[in-house]
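Every number here is computed from the coordinates shown, using simple stated rules; none is lab data. If you're wondering where the values come from, they're calculated on a predicted model, not measured in any experiment. Cβ sites come from the backbone with ideal geometry, for glycine too, and all protein chains shown count toward neighbours.
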Amino acid sequence: MRARSSLSESQREQLVDLFEQGLGYAAAAHRLGVGLYSVKRFERRFKLHGRLCLVERPTKQHFSFEVKKEVVDRFIAGQSKMELAREFGLSSDQLVANWVRAWRAGGDEALQPKPKGRPKGSARSTPLTEEDRLRREVEKLRAENAYLKKLRDLRNQRRG
């Protein structure tokens, strides 16, 4: 079963059989008693890949900026999401919609691959002077002392 799918493997196989018989996603979802949204997403994958939608891909695909940009440009020119997903071997036509939405919000920069991890040079602090270190220690001890006094007062209230 897919990690994010609410459908079991047997339900997906039954759905493929129902789709091949000509049923739509709403009728198939009703017949199996499963959620409409997940069946609709699965039907889109079925239309894109046929019976191969039952085969899972082992890893998540990564696409270059050039591929994403070409898909977005061709979608804006009038090609359908399904045609583009089929031609470029995308796992879902929803990827096309996501890339177009990102491009419209942030331009070409939004389609660029994002660097992984923490940026280089971040979180380097300057060493504390002896005076600053001692001030921090005094503040910590004052807070600890206030906490213990409050705890003692609460215990005394319960007893008295």
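The percentage of C-alpha pairs in region 60-114 whose separation is greater than 16 Å is 31%. By the count of other C-beta atoms within 10 Å, a proxy for reagent exposure, His49, His30 are ordered fewest to most as His30, His49.
Of all aspartates and glutamates in the structure, the ones whose alpha carbon falls short of 12 Å from that of Lys47, not counting any fewer than 8 places away in one chain, are Glu20, Glu83, Asp93. The base-10 log of I(q)/I(0) for the chain, evaluated at q = 0.10, 0.18 Å⁻¹, reads -0.61, -1.19 [Debye formula, identical scatterers on Cα atoms, solvent excluded]. Each Lys or Arg adds one and each Asp or Glu subtracts one; over the other residues with Cβ under 15 Å from the Cβ of Val72, this totals -2.
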